[in-house]
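The values are calculated or read from the model by the stated rules, or taken from the named source; none is laboratory data. Since the structure is predicted, the reported quantities are computational estimates derived from the model, not experimental observations. Because the Cβ atoms are built from the backbone with ideal geometry, glycine has one as well, and the counts that use them run over all protein chains shown. Only protein heavy atoms, including side chains, enter the accessible area calculation; ligands, DNA and RNA are left aside. Shrake-Rupley method; radii C 1.70, N 1.55, O 1.52, S 1.80 Å.
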Amino acid sequence: MNMIDMTAVELSAAIKARQTTAVEATEAMLARIEEQDKIYNCYVTVDREGALAQAKEVQAKIEAGEMTGSLAGVPVAIKDNMCTEGVLTTCSSKILGNFVPTYTAEAVLNLKKAGAVILGKTNMDEFAMGSTTETSAYGVTRNPWNTEHVPGGSSGGSAAAVAADECYYALGSDTGGSIRQPASYCGIVGMKPTYGTVSRYGLIAYGSSLDQIGPLAKDVTDCAAVLEAIASHDEKDSTSVERQDTDFTSALVDDVQGMRIGIPNDYFGEGLDEEVKAAVLKAAEELERKGAVVEHFDLSLVEYAIPTYYTIAAAEASSNLERFDGIKYGYRTEDYAGLHNMYKKSRSEGFGEEVKRRIMLGSFVLSSGYYDAYYLKALRVKALIKKAFDEAFAKYDVILGPVAPTTAPKLGSSLSDPIKMYLGDIYTIAVNLAGLPGISLPCGKDRNGLPIGLQLIGDCFQEKRLIQTAYTYEKIRGTFRFVQEPGETEEIRRGTISPDQGSQHETGINYAEQEGQRHE
């Protein structure tokens, strides 16, 4: 098998069997990024020297028998909202365009302990606010399946990098579906764990009560292995949960006999694309044939999830982004008169339109006179949504449904209508409001060849049930991989048509000089 085509677990096994080395795998990934990322724009920063140095160090430890884990020696990409010591971390925003952290996020440290090799930082919607990776200050990321379409967001750079084989797996963050939706659009596996399972220390916050770090990978096995590596209790994160059941790879069992699977009728109404509906229901039928008990039921409160989510998330964002003032770090306007003018101009020039929109919305719902009417009411509805899921999980082991109403939209079509973009999160955001785990995996393609995602939702701390169900379905479905083939977007894939924007940072390589320089 070609090394590029291997999964993360397969590559690590090949390295330990001395069929290849961590250095060779890292060099292959760096060459691939240099060759094709000018087309996809998955990365904001590529740490070439750092990655090769890590690979040599990890290889020595593998040969000495000091590193034996299932991810040792495997190159990984990190979403650009997780701090990495000495490596630029921008949240794809102009306001953090020069920010180099002095510490590393706990989840990334856990990967390093497992022997991962950090390739660089992936593109994202600015401060994770968006569903298409089009709000990035460093240009849009393109979907490898069709470069005229978005990869989803906000973890679109991570998802596209995995799909395009520019890394073996990646970390993303999920506030309202930002791992699962891009995984669906890019035809890979993405998992949002139970809130508190993975430390948020070092994750630059969007909505603190909703954010959770999770894996994006080629298959369910890799997903389970990565989650096992990054899950840990962390005293530096007050919301971190101490768990004893994080041996997630033990759930890689091909068996759903007697598994109770519920399908919410509310997820299959108006607005759901017929091809998505058919593919998801077909997946349910496959699991039923395998021995699962599948039933339809009414979940309720689904229509209130979006306003509840955007009220709470925007309120928390307006508080979290208050710290970016041009004083301590980040962008500061050059021309200002006095302190308050400097604050105003730095934030006005540093933040993009979508971030400003959510800060303003959040400030409004928290303001005197509106706090009770909007924010407190949203918190009450959030509690009702959690209660509705509790009642559902009294009857079912797993809830099955679509990830998004449609497959990946065309570039530019969502940004013109923010409300439409928000409505695209209707099947994912309730999971974050209730703190539940959810996984997305491909279950088919539409008539245009774009991937369709299947979402499985579990009760709190029931990731193993999700992994077992997903693994069983994956065995039924077979391999699902993006392969570059000649087609209508071949000119773009070859690079003869350049992306509208692109501004990856690496010394000596400048794919779009007018947009910025790549850092290494």
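State whether region 413-452 is rounded, prolate or oblate according to the following rule on the C-alpha gyration tensor (a ≥ b ≥ c being the square roots of its eigenvalues): a/c under 1.5 gives rounded; otherwise a/b larger than b/c gives prolate, and the remaining case gives oblate. Here region 413-452 falls in the oblate category. Straightening the chain between E85 and H340 buys 88.7 nm, computed as 0.36 nm per residue apart minus the Cα-Cα spacing. Mean residue ellipticity, 222 nm, helices only, the chain: the sum of -39500 (n - 2.57) across DSSP H runs of n ≥ 4, divided by residue count and rounded to 500, is -11000 deg cm²/dmol.
The separation of region 106-176 from region 243-266, counted between C-alpha centres, amounts to 26 Å. Note on S416 and K387: their simple-model spin labels are 4.3 nm apart, each label 7 Å out from Cα toward Cβ. Assuming charge only on the beta carbon of Lys and Arg (+1) and of Asp and Glu (-1), the dipole of region 1-81 about its Cα centre is about 140 debye to the nearest 20.
Here the spin labels are modelled as points 7 Å beyond Cα on the Cα-Cβ line, and at T479 and S363 they lie 5.4 nm apart. So if I take the centroid of the Cα atoms in region 183-197 and the same for region 451-479, what is the distance between those two points in Å? Taking the Cα centre of each part, region 183-197 and region 451-479 sit 10 Å apart.
Each principal axis of the chain carries a Cα extent, and these read 66, 64, 50 Å when sorted largest first. Shown for the chain: the carbon plus sulfur share of the solvent-accessible area, taken with all protein chains present and a 1.4 angstrom probe, equals 48%. A Förster distance of 35 Å, applied to the separation of the beta-carbon atoms of E24 and V100, puts the FRET efficiency at 0.75. As a calculated quantity, the FRET efficiency between D372 and S348 at R0 = 25 Å, using C-beta atoms, amounts to about 0.25.
Could you sort out which of K16/K464; K277/K475; K121/K282; K112/K387; K56/K410; K386/K464 sit more than 31 Å apart by Cα distance in this structure? Correct reply: K121/K282; K112/K387; K56/K410.
Between K328 and D255, the modelled label-to-label distance comes to 5.2 nm, taking each label 7 Å out from Cα in the direction of the beta carbon.
Would you please give the FRET efficiency between N2 and E286, computed as 1/(1 + (r/R0)^6) with r the Cβ-Cβ distance and R0 = 25 Å, to the nearest 0.05? For R0 = 25 Å, the calculated efficiency reads 0.30. Relative to the current alpha-carbon distance between A17 and K445, full extension at 0.36 nm per residue lengthens the span by 150.5 nm. Take the alpha carbon gyration tensor of region 154-278, find the square roots of its eigenvalues, order them as a ≥ b ≥ c, and report rounded if a/c is under 1.5; if not, report prolate when a/b exceeds b/c, else oblate. Because its axes are fairly even, with a/c under 1.5, region 154-278 counts as rounded. With a/c under 1.5 counting as rounded, go ahead and sort region 276-389 into rounded, prolate or oblate using the C-alpha gyration tensor (a ≥ b ≥ c being the square roots of the eigenvalues; past the cut-off, prolate if a/b is larger than b/c, else oblate). Prolate shape, in that a/c is at least 1.5 and a/b is the bigger ratio. Here is the list for region 310-354: GluC sites (Glu not before Pro) lying in DSSP coil, each with at most 10 other C-beta atoms within 10 angstrom of its C-beta, are E334. Look at where the Cα atoms of region 300-319 and of region 342-366 average out, and the two centres are 18 Å apart. Farthest towards the positive end of the charge dipole of the chain, among the residues S440, I306, H149, is the Cα of I306, using unit charges on the Cβ of Lys, Arg, Asp and Glu.
For region 355-428, the Cβ-based charge dipole about the Cα centre amounts to some 240 debye (Lys, Arg positive; Asp, Glu negative; other atoms uncharged).
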